Structures are given as structure tokens and as C-alpha cells.
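Asks: Can you read through this structure? Questions will come right after.
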Amino acid sequence: MGYRFTDLTDACHDDWRAYLEHDFVRQLGAGTLDEGAFRHYLQQDYLFLIHFARAYALAAYKSRTLTDLRQAHEGLKAILDVELDLHVGYCREWGISEEMLAELPEARATMAYTRYVLDTGNRGDLLDLHVALAPCLVGYGEIANWLNAQAFTVRGETNPFEAWIAMYESEEFQSAMLAELEWLDARLAGIAPARFAELARVFRDATRLETDFWQMGLDRAI
């Protein structure tokens, strides 16, 4: 029996749960998160998406099959043509203009995670890159599902962060998450234990850096 994505989360269980259940996430679900903290997170997440697009461009370069090349192209296209436009619109609702976004300095937590992803992709292969990105793509979908299972989560207009939860519980995002899990499971299935140990370290480090990204938002840190 080969490895699966769940083996990665099991290998760094405490770090994974700390990321999914971070205070930023809990307060967002309860609708009690400081709006200034959320606004700071939103701005830095815009910068993250730009580097996320670069990571998909790197994935295209790293692709050895037409299927993987098309997947990377679709991911890059979705970020540039859909997700960034939606994010800019969402920021505008929170009083953050596109001009303001263009002038943003990167927080250290933003630089740490995005450069780690790109460095991992440059040093390793396509699987290394996908594993480094998984805490974002898979994690956000799991966070939305986890929030919906919690008694403290407030849904509807009384929660100012309702649109954020709705975005990541959406059929479109959940489908993208499941497609990524299928891709990861197929490639993890055939690897040796030593290779899995390498990937588990990548996943653990990326998860910790994503946790730092939540804390950056909570602290409004630069």
C-alpha cells in the first residue's frame, strides 16, 4: 500500500492542527476577529497570490507530461484571470484600493512562506512544489469545512467574514482541492520511505510557515 496525502498530515499532526485551528481562524469563524487584523491579512494575501501565480509558472517549467503542463497552465490562468480579480474586488469592499495594494510592503511572514515555496520548487521536482503549496490549496478548503463543523462558527450577515468562509467552501474551490488531493495521492502512492520522509519535512515546514501567516495577520506584523 502506497502513501497518501493523509500520511503527510499524520506525520506532522500537531503542526497541521495548529494551522487549521489557529486563533485567527477561530476568531474569523466566530465573527470576532479584529477587522484591522483581517484587513492586514487580506492585503498580504494579495501579495501571496502573486507569488502563488509564479509558483504555477514554475510548475509549468517543471512539468514533464502534457497533462501536468495543462494543469499548471489552468492553475496560473485561474489565479491571474479569476482569483486575483476577485481578491481585488473583495479588498475594495474592505476599503483597500488596487492602488494601495500595488504599494504594499511585504510582511516577513509573506516573504518567508512564498520564497520557501519557490525555493523548494527550484531545488526539487514537481511533487516537491505541490507538497509545499498543499497547506494553502488543501488547507484553506479543509479550514472552511472545519469551521462549518464548529458550534462557535457564525454564518450569515452577522459575521463580517462570511464571504471568506463562503469562498473556500464553494463548489469551485472544493473541486480544486479534491483534484489536487487526487493528483498528490497518485504520485505519493509510488514513492519510497526515504522520499516520503523528505516530503514530510517539506510539508511540515510549509505548514509552519502558513501558521506564521495567520499569526502575522493577528498581530498585524510587518
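The values are calculated or read from the model by the stated rules, or taken from the named source; none is laboratory data. Owing to the predicted nature of the structure, the values given are computational and were not obtained by experimental measurement. Cβ placement follows ideal geometry from the backbone for every residue including glycine, while neighbour counts extend to all protein chains displayed.
Asks: Only helices (runs of 4 or more DSSP H) wholly contained in the range 74-188 count here; list those with 3 or more residues that are touching a helix residue (DSSP H, G or I) at 6+ places or on another chain (Cβ under 7 Å), within 14 Å of LEU49 (Cβ to Cβ) and modelled with pLDDT of 95 or more.
Replies: 108-123
Asks: Is it true that THR6 is under 30 Å from ALA186 (Cβ atoms) and either in contact (Cβ under 8 Å) with a residue 60 or more places away in the chain or among the hydroxyl-bearing types (Ser, Thr, Tyr) (or both)?
Replies: Answer is yes for this residue.
Asks: Let me ask you something else. Of the numbered conditions (1) free of Cβ contacts under 8 Å to residues at least 60 places away in the same chain; (2) surrounded by 18 or more Cβ atoms within 10 Å (Cβ to Cβ), LEU188 satisfies every one except a single condition; which is it?
Replies: (1)
Asks: Restricting attention to the range 76-88, does a residue exist that is surrounded by 13 or more Cβ atoms within 10 Å (Cβ to Cβ), of a type in the set (Asp, Glu) and more than 22 Å from GLY141 (Cα to Cα)?
Replies: no
Asks: Something else about it: Name the one entry in GLU172, GLU180, GLU198 that is within 24 Å of ASN145 (Cβ to Cβ), surrounded by fewer than 18 Cβ atoms within 10 Å (Cβ to Cβ) and charged (D, E, K, R).
Replies: Going through GLU172, GLU180, GLU198 in turn, just one is within 24 Å of ASN145 (Cβ to Cβ), surrounded by fewer than 18 Cβ atoms within 10 Å (Cβ to Cβ) and charged (D, E, K, R): GLU172.
Asks: Also, I was wondering about something else. Of the conditions (1) under 18 Å from MET167 (Cα atoms); (2) under 19 Å from the mean Cα position of the chain (by Cα); (3) surrounded by fewer than 16 Cβ atoms within 10 Å (Cβ to Cβ), TRP94 fails just one. Which one is it?
Replies: (2)
Asks: So ALA221 passes all but one of these: (1) more than 20 Å from HIS87 (Cβ to Cβ); (2) of a type outside the set (D, E, K, R); (3) part of a helix (DSSP H, G or I); (4) touching a residue at least 12 places away in the same chain (Cβ under 8 Å). Which condition number does it fail?
Replies: (3)
Asks: In addition: Considering only the range 1-44, how many residues are charged (D, E, K, R), assigned to a helix (DSSP H, G or I) and at pLDDT 95 or above?
Replies: Total satisfying the criteria: 7.
Asks: Separate question: Check off (1) of a type in the set (D, E, K, R); (2) within 27 Å of PHE196 (Cα to Cα); (3) touching a residue at least 24 places away in the same chain (Cβ under 8 Å) for ARG26 and give me the number that stays unchecked.
Replies: (2)
Asks: Could you pull out the residue among ALA109, ALA134 that is out of contact with any Gly (no Cβ under 6 Å at 6 or more places or on another chain), surrounded by 20 or more Cβ atoms within 10 Å (Cβ to Cβ) and farther than 26 Å from SER175 by Cβ?
Replies: That would be ALA109, the only listed residue that is out of contact with any Gly (no Cβ under 6 Å at 6 or more places or on another chain), surrounded by 20 or more Cβ atoms within 10 Å (Cβ to Cβ) and farther than 26 Å from SER175 by Cβ.
Asks: Now for a different question. Condition first: closer than 17 Å to GLU210 by Cα and of a type in the set (Phe, Trp, Tyr). Now tell me which residues in the range 92-122 satisfy that.
Replies: TYR113, TYR116
Asks: Please state which one of ARG39, ARG70 is farther than 27 Å from ASP205 by Cβ and over 20 Å from the mean Cα position of the chain (by Cα).
Replies: Every option except ARG70 fails the conditions.
One line per residue, one yes/no per condition, for (1) on the phi > 0 side of the Ramachandran plot; (2) crowded, with 19+ Cβ neighbours inside 10 Å; (3) in contact with a Leu (Cβ under 7 Å, 6 or more places away or on another chain):
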{"position": "ASP10", "(1), (2), (3)": "no, no, no"}
{"position": "ARG26", "(1), (2), (3)": "no, no, no"}
{"position": "LEU33", "(1), (2), (3)": "no, yes, no"}
{"position": "GLY36", "(1), (2), (3)": "no, no, no"}
{"position": "HIS40", "(1), (2), (3)": "no, yes, no"}
{"position": "TYR46", "(1), (2), (3)": "no, yes, yes"}
{"position": "ILE50", "(1), (2), (3)": "no, no, no"}
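Asks: Could you list, ordered by first residue, the pairs with Cβ atoms under 9 Å in which the first is in the range 89-107 and in contact (Cβ under 8 Å) with a residue 60 or more places away in the chain and within 15 Å of ILE222 (Cβ to Cβ) and the second is aliphatic (A, V, I, L, M) and assigned to a loop (DSSP other than H, G, I, E, B), at least 6 apart or interchain?
Replies: PRO105/ILE222; GLU106/ILE222; ALA107/ALA221; ALA107/ILE222
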